[in-house]
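The values are calculated or read from the model by the stated rules, or taken from the named source; none is laboratory data. Computed from a predicted structure; not experimentally measured. Here Cβ is always computed from backbone atoms with ideal geometry, including for glycine, and neighbour counts include all displayed protein chains. Ligands, DNA and RNA are excluded from the accessible area calculation, which covers all protein heavy atoms including side chains. Shrake-Rupley method; radii C 1.70, N 1.55, O 1.52, S 1.80 Å.
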Amino acid sequence: MKTLKTIAAALIITSTLNATAASAPGVEEFDRSTAELAASLILEKLQADVLSSEPDSGSLFTAMESNPGTYVDPDEARGKLEKNFRDGIANRYREEAGKYLDRLAGDAGRDAVFGKDFLADAIELPSEKLSETVKRTYPDAFGSARTRVCKEQSEQLVARIQPTEKEFEETPLANLSEIMTARIAQAQAKPVFKENMAFISGNIVKPMLDAAEAQRAEQRSHLDNLPVEGWAPEVIGKKLEAGISSFVAESAPRHKEAGRVAYGIFPSVIAAVPKAADTRAAGKVARVVEDTEVKIDTAEILKEVEANPKAHKKVDDSMKSFAPALEQRLGKEALARSESLMPEEERAAFRAFAEKAVDEGQIKTAIEKRVRNVLLPEVGAVRDECADRQMTKHFAGIKAGTWFPSGGLVDTVYAQTDYRKAVKEWRTLAELEPFAKTAAEQPLMEETEKKLDAGIAALFDRGRMAQSRQHAIVDEVFGEMKELIAAEKKLPDLEGATGLYTEKVSAVWTAERDTVLWGDAGAARPPNADRQHVELFPSTNEKIMLKVKSLMESIEKERLEKEAPPVKPPEEIPPEEVIPEDAQDPALPEEPELVELDCRFEFNLKKSDISLVFYSGDVKKASLECPQSPSQYRREYEKTIERAVKALLDETGGYTAKGSKVALTVDIIVKDDLVYYGIVAKLSQSLSLKAAELSETGVTMELKDTALEQP
């Protein structure tokens, strides 16, 4: 308001001066001074207004927007445009000052009213004030203009570079990011500012690609879960396409509101529709298959299997024989049921699809699974019945349990390192040759062979139960028999004592046999149960003999200790008479020292190994182990024996090396019925073969019979 008043007053003054200028030339100099004073008041205020006015960032924006190539780098642009900004302020003042001066001069003209020097200074801003204003206002003006021009350019870039859905799917993501960044820069009619290259990559390209990936995933998920009606793939496919189109259209506003690019339907989603339609149609038929009854004629199956057992050896043979016809019938019934459930207008299209689909993919799998789930149990039951009939026909004794292995055969089989394996290889046993021959000649089903193997194994196990119990009885009656025999004034001979021991064991076994073999009185028994495993096994008789030897030796030792006369104290020996050296006889050669050496080998059965320990007296000299597993046992047991014999030779060699003779006694003690393992007999044989070699070194060896250690 003050500026306007100042200008108005100045105009009144200059107008008055202009009106009198022609009639009073004598006062011209005075009038010019007055006009210049009035103009100075106006221009001083104008300077203040121009220098304090809002900085002009628009001219900076225009310069960068119209010629971006010159101002790509922000620091360079800041330096280049500062002079433009300064000139802009100066020009704006110069223009306004000229207008004011023209108005003040009126019709007389600027040059007539004002002096030349005044005019030259009046239209220029003071340099110091201008510099101060530029320093104060330029940074904000440039920042505002730079932000505006970059934002405008970025908006133009976004609008131009959105990739198509096809482009997004066909181009690798890493390549697409580079392509889009380069494309944005190249698509501009003007060079892209340096800041915007980073902006393009991080703030334009990446969000666009992320949005594309997310929206494609949404579309695929919607396709997978979109509920539609229909049976024919053609009908289902159209409904899926319509559903996806609606979903994409409805989602677009949501994406735009969130500041994301809204994409259309991606080609891969459209391409997935036919397969999705086929899968849904097949799935509906598969569910019908699961609910369709499968009728099976078990009597016909039984008749076929019995008539041609060779063609039905394995269960898969029967399944391959009977399944195809059932699958074909089930497929027809399922398709017919499906057609009855759908609208009339879909049936022709569905039939064209189903005729091919029923023999492949999801429908075929459902049919095969349904048939197998129903047929397999029925076939299994029929085959089991056929197997029972084959067992009755060819192996009646095994099935009824009337056949049983002899005690000697049980001993032989159980003595093997792997009892179960030996039983499974029953076809190699002479006693079972008739069964093996029949099994080889007859077309037995695999179930029959399993029943045969299981039946024989069970009968061997029963024999093993008899053997185990008989051996236990031998141990249990030892104390009683020792007391009985020891009570006799005259000990019976070995044969008589063995007879007594055998009679006792037989009596106990006879009383327990039926319960041991078949359990409670009400349990089922074969017709010849009273004749099975009546006699003692050979291994039981051998164990009785070993027990009797041990028993007799123990009794004899006890009696000798009781009957031995009391030991007299040693008589006092008078001191030897000293004979002069010249009167002594020539020295006789000394006799070699005789060392009495008691050694023993002890066998024991551990969890997975056979333990063999060598003792000299009561001192353990060597501890060896031999694996029980069949393959390792066969490889290792001879080496184990060699090491054991070497331990004995090392022990005797320690004495013979000093010139001593050795009276060697060797015992072989076994536990856990290991006497039936070949390693025990092999050790005894190896020691016997070493007797002559030992004799040459001054060792006489007595090898005692193998004995069982007392429980």
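Can you spot a residue in region 340-350 that is surrounded by fewer than 15 Cβ atoms within 10 Å (Cβ to Cβ) and under 30 Å from residue 449 (Cα atoms)?
Checking region 340-350: not a single residue is surrounded by fewer than 15 Cβ atoms within 10 Å (Cβ to Cβ) and under 30 Å from residue 449 (Cα atoms).
Return the total of residues in region 202-231 being closer than 23 Å to residue 178 by Cα and either of a type outside the set (Asp, Glu) or not in a helix (DSSP H, G or I) (or both).
14
Given the conditions (1) of a type in the set (Ser, Thr, Tyr); (2) crowded, with 17+ Cβ neighbours inside 10 Å; (3) in a helix (DSSP H, G or I), report the number of the one that residue 417 does not fulfil.
(3)
Given the condition open to solvent by 50 Å² or more (accessible area, probe 1.4 Å), of a type in the set (S, T, N, Q), touching a Ser or Thr at 6+ places or on another chain (Cβ under 9 Å) and closer than 30 Å to residue 63 by Cα, answer yes or no: does some residue in region 125-138 qualify?
The answer is no, given that none of the residues of region 125-138 is open to solvent by 50 Å² or more (accessible area, probe 1.4 Å), of a type in the set (S, T, N, Q), touching a Ser or Thr at 6+ places or on another chain (Cβ under 9 Å) and closer than 30 Å to residue 63 by Cα.
Okay, residues lined up against (1) open to solvent by 30 Å² or more (accessible area, probe 1.4 Å); (2) among the acidic types (Asp, Glu); (3) part of a loop (DSSP other than H, G, I, E, B):
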site	(1), (2), (3)
447	yes, yes, no
451	yes, no, no
454	yes, no, no
457	no, no, no
466	no, no, no
480	yes, yes, no
504	yes, no, no
524	yes, no, yes
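Identify, by number, the condition in (1) assigned to a loop (DSSP other than H, G, I, E, B); (2) more than 41 Å from the chain's Cα centre (by Cα) that residue 359 doesn't meet.
(2)
Output the residues belonging to region 214-264 that are within 25 Å of residue 173 (Cα to Cα), of a type in the set (D, E, K, R) and touching a residue at least 12 places away in the same chain (Cβ under 8 Å).
216, 218, 220, 224, 260
Report, ordered by the first and then the second residue, all pairs with beta carbons closer than 9 Å, sequence separation of six or more or different chains, a first member in region 265-279 that is within 19 Å of residue 354 (Cβ to Cβ), and a second member that is in a loop (DSSP other than H, G, I, E, B) and of a type in the set (Gly, Ala, Ser).
From region 265-279, the pairs are 277/230; 277/232.
Checking residue 221 against (1) of a type in the set (Ser, Thr, Tyr); (2) modelled with pLDDT under 85; (3) open to solvent by less than 70 Å² (accessible area, probe 1.4 Å): exactly one of these is not met. Which one?
Every listed condition holds for residue 221 apart from (2).
Could you tell me how many of the residues in region 427-442 are free of Cβ contacts under 8 Å to residues at least 12 places away in the same chain, small (Gly, Ala, Ser) and either open to solvent by less than 80 Å² (accessible area, probe 1.4 Å) or closer than 18 Å to residue 399 by Cβ (or both)?
Of the residues in that region, 1 qualify.
Under 8 Å between Cβ atoms, which residue pairs at least 6 apart in sequence (or on different chains) link something in region 85-96 that is of a type in the set (Val, Ile, Thr) with a partner that is not in a helix (DSSP H, G or I)?
89/56; 89/125
Consider region 526-562. How many of its residues are closer than 26 Å to residue 401 by Cα, touching a residue at least 40 places away in the same chain (Cβ under 8 Å) and either surrounded by 12 or more Cβ atoms within 10 Å (Cβ to Cβ) or among the hydroxyl-bearing types (Ser, Thr, Tyr) (or both)?
Here the count works out to 10.
When you look at residue 613, is it surrounded by 15 or more Cβ atoms within 10 Å (Cβ to Cβ), at pLDDT 75 or above and under 29 Å from residue 421 (Cα atoms), yes or no?
Against the criterion (surrounded by 15 or more Cβ atoms within 10 Å (Cβ to Cβ), at pLDDT 75 or above and under 29 Å from residue 421 (Cα atoms)), residue 613 qualifies.
Being closer than 27 Å to residue 415 by Cα and without any contact (Cβ under 8 Å) to a residue 12 or more places away in the chain is the filter; apply it to region 506-522 and report the residue that is surrounded by the most Cβ atoms within 10 Å (Cβ to Cβ).
Going through the qualifying residues, I end up with 518.
So which helices (runs of 4 or more DSSP H) are wholly in region 105-186 and hold at least 1 residues that are modelled with pLDDT of 75 or more and within 30 Å of residue 33 (Cβ to Cβ)?
Result: 110-113, 116-122, 127-161.
Taking residue 366 as the residue in question, decide whether it is in contact (Cβ under 8 Å) with a residue 24 or more places away in the chain, open to solvent by less than 90 Å² (accessible area, probe 1.4 Å), among the small types (Gly, Ala, Ser) and part of a helix (DSSP H, G or I).
When the stated conditions are applied, residue 366 passes them.
Determine whether region 407-418 contains at least one residue that is among the hydrophobic types (A, V, I, L, M, F, W, C) and within 23 Å of residue 527 (Cβ to Cβ).
yes
I need the full set of residues from region 66-95 which are open to solvent by 60 Å² or more (accessible area, probe 1.4 Å) and among the acidic types (Asp, Glu), in order please.
Within region 66-95, 75, 76, 82, 95 meet the criteria.
Any residue in region 106-113 that is within 28 Å of residue 56 (Cβ to Cβ), open to solvent by less than 20 Å² (accessible area, probe 1.4 Å) and out of contact with any Leu (no Cβ under 6 Å at 6 or more places or on another chain)?
No: region 106-113 contains no residue that is within 28 Å of residue 56 (Cβ to Cβ), open to solvent by less than 20 Å² (accessible area, probe 1.4 Å) and out of contact with any Leu (no Cβ under 6 Å at 6 or more places or on another chain).
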